[in-house]
Structures are given as structure tokens and as C-alpha cells.
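Structure record follows, encoded as C-alpha cells.
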Amino acid sequence: MNKQKAAVLISGNGSNLQALIDACKQPDFPVEITAVISNKEEAYGLNRASEAGIPCHVIKHGNYATREAFDKAMHEQLLHHCARIVCLAGFMRMLSPWFVAQWQGRMLNIHPSLLPAFKGASAVRDALNAGLRETGCSVHVVTDEMDAGEVLLQAKVPILPGDSEESLHQRIHAQEHRIYPQALKMLALKLVQGA
Ligand code: GAR
């Protein structure tokens, strides 16, 4: 099978990266991960990538004078690894309009809310504080506007009495790990058909 090459950008634990790695191990999954990039050297997801034999790179945003200079360094690595798709998996940096334009229609993000509700970095806490009975997660196409691109897949997660941010986020994670590989597959098949 001719697989599409994808790279995954992370900043932390990388449990979604792990879900993508596991999915890509299936012979009939239409994607292979050719690189993992982290902006943090302590990100545990780097261990997951190494264990899976995937080349990984730390590109520290602090070493670059501008957001765009940092993004250009990432972009070079992505091209070096022949990536045609980029997956943001807990990558906690805003991307420059330049970078977003390079990957238009080819970059996905996983976000822990039922978008358009609760955009931003504290989505799980915000949903809990809102006193709702349900939240969830979304995989969306990345556009210039934060957490606002076309939603490909969503999953609902109940908010239970006594939930803490951690317990709720744990249940959200379980759904993220289910829908992110599905959405990646959808995008890869769409790109193949459009090619
Ligand atoms: C995930 O829950 C993801 O939805 C969230 O960070 C977590 C990363 O977990 N992303 C955002 O909040 C983006 N705004 P992971 O490192 O274990 O995959």
C-alpha cells in the first residue's frame, strides 16, 4: 500500500501521538509517520517516537527571534522528512499565518472540547467550570483562526458529578485516541483521491 507521509508536532506527553503511531502500524492504514517534532526537549512523546523508531527533533522556540523563524525551521524538517500531512498532537504553540498557509488543507489538530465551544488552552477546565453535563473533543483542519477550521470528527464525553479536570481530561483522552486516527485516515484518503 502506498502510504501518505505525515509528521506529528508535540509539546508534551504525546498520548495522541501514541494513538497515531499504533494506528499507522496497521498494514491497511493509509499513513506512515516519518517524523516527530517537539518544541520542548522534556516532552515524553519524544520517547514514544524513539521507541517506535521514528526520527524525532527538538526545535526550541526560544532559540528563534520570531514565530515565523521558528516555523521555518520546523517546515524545513518537515520537508526533509517528505511529510505531506502535519498532525498537531498537544502542540501548544500558535503557528504563524505563513506556516498555516504552507500546510493549508493538510494540517489537523486535536482539541479537547466540542468546537466551537471552549477554544483555547484551558478547554477542559472551562467546560467543567461552565457547569455543563457534556463536553468532548474535536479533530479539525487548522486555519489561521485558532481552533476554528472545519471539524472532521467529534466525540461527546459526559461530565460526571465530582469530576476533576484530571478525571474529565482522562475520559476525553480516551475519545481523542479513538477519533484522531479516524480523522487522519479520512484526510489521507481525501488527499489521495484529490491528487
Ligand atoms: C490533548 O487533550 C489535546 O486535545 C490537547 O492537549 C492534550 C495533549 O495530550 N490540546 C489542546 O488543548 C490544544 N489546544 P497528549 O500530549 O497526551 O496527546
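Just a few scattered comments:
- The stretch 82-106, residues that are closer than 19 Å to N16 by Cβ and away from the ligand (no atom under 13 Å from the Cβ): A83, I85, V86, W103, R106
- The residue that is surrounded by the fewest Cβ atoms within 10 Å (Cβ to Cβ), counting only those in the stretch 1-17 that are more than 9 Å from the ligand (Cβ to nearest atom), at pLDDT 95 or above and not charged (D, E, K, R), is Q4.
- Of all residues in the stretch 102-121, those that are within 25 Å of R84 (Cβ to Cβ) and in contact (Cβ under 8 Å) with a residue 12 or more places away in the chain have Cβ atoms under 8 Å from Cβ atoms of residues that are part of a strand (DSSP E or B) and within 8 Å of the ligand (Cβ to nearest atom), 6 or more apart or on another chain, in M107/L88; L108/L88; N109/L88; I110/L88; I110/C137; H111/C137.
- Hits in the stretch 107-130 (condition: assigned to a helix (DSSP H, G or I) and either among the aliphatic types (A, V, I, L, M) or within 11 Å of the ligand (Cβ to nearest atom) (or both)): A123, V124, R125, D126, A127, L128
- Residue ID - farthest from the chain's Cα centre (by Cα), chosen from residues in the stretch 9-20 that are part of a loop (DSSP other than H, G, I, E, B) and under 15 Å from S50 (Cβ atoms): N13
- Considering the conditions (1) crowded, with 21+ Cβ neighbours inside 10 Å; (2) under 24 Å from Q182 (Cβ atoms), L46 is excluded by exactly one of them, (2).
- Failed item, numbered, when R171 is tested on (1) closer than 20 Å to L17 by Cβ; (2) in contact (Cβ under 8 Å) with a residue 24 or more places away in the chain: (2)
- In summary, A23 fulfils each of the numbered conditions (1) among the aliphatic types (A, V, I, L, M); (2) part of a helix (DSSP H, G or I); (3) free of Cβ contacts under 8 Å to residues at least 60 places away in the same chain; (4) more than 13 Å from the ligand (Cβ to nearest atom) with the single exception of condition (3).
- Yes/no for E150 being more than 9 Å from the ligand (Cβ to nearest atom), over 14 Å from the mean Cα position of the chain (by Cα), of a type in the set (D, E, K, R) and under 26 Å from V31 (Cα atoms): yes
- Count - residues of the stretch 157-195 that are among the aliphatic types (A, V, I, L, M) and under 21 Å from Q4 (Cβ atoms): 10
- The listed residues are M74, M92, and the only one of them that is surrounded by fewer than 19 Cβ atoms within 10 Å (Cβ to Cβ) and touching a residue at least 60 places away in the same chain (Cβ under 8 Å) turns out to be M92.
- When C56 is tested against the conditions (1) surrounded by fewer than 16 Cβ atoms within 10 Å (Cβ to Cβ); (2) within 20 Å of L108 (Cβ to Cβ), the lone failure is (1).
- Counting the residues of the stretch 26-46 that are within 12 Å of the ligand (Cβ to nearest atom) and farther than 23 Å from C137 by Cα gives 2.
- For the stretch 153-191, a tally of residues being surrounded by fewer than 20 Cβ atoms within 10 Å (Cβ to Cβ) and closer than 20 Å to F99 by Cβ returns 1.
The values are calculated or read from the model by the stated rules, or taken from the named source; none is laboratory data. What you see is a predicted model, and the numbers here were worked out from it, not measured in a lab. Virtual Cβ from ideal backbone geometry, glycine too; neighbours counted across all protein chains shown.
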